[in-house]
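Read the structure below first, then the notes.
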Amino acid sequence: MTKAIEADRPPSGPARENDAHGAAVAVDGVDIRFGSFHAVRDISLDIAAGEFLCLLGPSGCGKSTLLSALAGFVHPHSGSLTVDGMPVTGPDPELGMVFQSSEALFDWLTVRQNVAFGPRMRGRSRAEQHKLADEYLSLVGLRHCADRFPSQLSGGMRQRVQIARVLANEPRVVLMDEPFGALDAQTRQVMQEEMARIWQTSGCTVVFVTHDIDEAILLADRVAVMTAGPAASVKSVYPVDLPRPRDESDPAARELRHALRDDIGEEVRKALLAQGLDQEEQR
Ligand SMILES: Nc1ncnc2c1ncn2[C@@H]1O[C@H](COP(=O)(O)OP(=O)(O)OP(=O)(O)O)[C@@H](O)[C@H]1O
Ligand SMILES: [Mg+2]
């Protein structure tokens, strides 16, 4: 465990305001187009309340697009997206999105004010906002940076602030777009362990995009693999029937890793070929 995070972490994590639990998410026959470009086609996925679903697929296939649609930022051309049976019509505080880029913070607010933003919008008192912000900043190992501005932090630190800001809202569904991609290996490992713990404690539903097969096996209840785009769809869904905490040397984990690697590898090759980048084919 990296020192900064270990020092900052409260023993049991932030106390929740209530026993909010995850919401069920249903994606039914979703098509998304950008003008004449058909990004995703006929995607259907039922995600149970409290489930941790990882989404894997080649770069550019439409993972962020699908997540943005779930968050209400992108509107499908056809099909439906519902959360506990209610249509997603736009951004909602119950749907917390951690963006792929760490530039999503408010630069003019301090780190603490950024994390307190959600609780403030929800009408929490100043003392409560401050307390919640500091608890979630401790969780990501950045309590000591509370009075700094985002521009004074590294990319990885900004990404951790973004995660704290989303979690401080205590959303029922957490949508995470390669949230640990910018972190060094050790911090990434700590954040993965923290994420597993936060998810288990809060009971929230998580949809988590990653390129990292091991990260998916470590965290997910199920892993959905997308095809290469354009008009990407869900190719296969794998249950991860392994006890938690996960042991990557477990033979079943190794078997799953191979299956995922083959499945995604095939799609990555198709994507590279479409981009004229597959050197094997060019020889
Ligand atoms: N606003 C937009 N307008 C036009 N095309 C878009 C837009 N957003 C995404 N796309 C296109 O949709 C496709 C899917 O993009 P998306 O960002 O969802 O991929 P991704 O799977 O998240 O990739 P990566 O793994 O590299 O993050 C890409 O071809 C991209 O160029
Ligand atoms: Mg993306």
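Values in this text are rule-based calculations from the coordinates and carry no lab data. Remember, it's a predicted structure, so these values are computed and weren't measured experimentally. Don't worry about glycine lacking a Cβ; one is built from the backbone with ideal geometry, like all the others, and counts go over all protein chains shown.
A few remarks follow.
- Relative to the current alpha-carbon distance between Glu193 and Glu103, full extension at 0.36 nm per residue lengthens the span by 30.0 nm.
- Order of His75, His130 - criterion: other Cβ atoms within 10 Å of each residue's Cβ, fewest first: His75, His130
- Evaluated at q = 0.09 Å⁻¹: base-10 log I(q)/I(0), Debye formula over Cα of the chain: -0.43
- Spatially near lysine pairs across the chain, Cα under 24 Å, sequence gap of 8 or more or different chains: 4
- Farthest positive-ward along the chain dipole, Cα basis, beta-carbon charges - from Ser138, Gly276, Ile198: Ser138
- Label-to-label distance, Ser44 versus Gln186, with points set 7 angstrom from Cα along the beta-carbon direction: 4.8 nm.
- Taking a ≥ b ≥ c as the square roots of the eigenvalues of the Cα gyration tensor, an a/c ratio of 1.5 or more together with a/b no larger than b/c marks the range 141-185 as oblate.
- Label-point gap, in nm, between Leu277 and Arg261 - each point 7 angstrom along Cα→Cβ: 2.0
- Volume per residue that the Cα convex hull of the range 9-139 spans, once the total is divided by residue count, Å³: 150
- For the range 154-253, the alpha carbon positions stretch 36, 34, 28 Å along the principal axes, listed from largest to smallest.
- Förster radius 35 Å - calculated FRET efficiency between Arg244 and Thr82 (Cβ-Cβ, nearest 0.05): 0.80
- Hypothetical label at Asp31: residues of the range 75-115 whose amide nitrogen lies under 13 Å (7 Å Cα-Cβ projection): 76-80
- Placing a label point 7 Å from the Cα of Asp214 along the Cα-to-Cβ direction, the residues of the range 172-192 whose backbone N falls under 20 Å of that point are 178-192.
- Cα centroid separation - the range 120-139 against the range 44-96, whole Å: 27
- Fewest-first ordering of Glu193, Glu255 by other beta carbons within 10 Å of each residue's beta carbon gives Glu255, Glu193.
- Net charge of the neighbourhood of Thr210, taken over other residues with C-beta under 11 Å away and scored Lys/Arg +1, Asp/Glu -1, is -3.
- Cβ-to-Cβ counts within 10 Å put Ser59, Ser64, Ser202, Ser249 in ascending order as Ser249, Ser59, Ser64, Ser202, the fewest first.
- Secondary-structure-derived ellipticity at 222 nm for the chain, considering helices only, amounts to -11500 deg cm²/dmol, per-run term -39500 (n - 2.57) for DSSP H runs with n ≥ 4.
- Shape of the range 97-226, Cα gyration tensor, a/c cut at 1.5: prolate
- Dipole moment magnitude, nearest 20 debye, the chain about Cα centre, only Lys, Arg, Asp, Glu C-beta charged: 840
- q = 0.16, 0.26, 0.30 Å⁻¹, the range 55-113: log10 I(q)/I(0) [Debye, one scatterer per Cα]: -0.64, -1.15, -1.30
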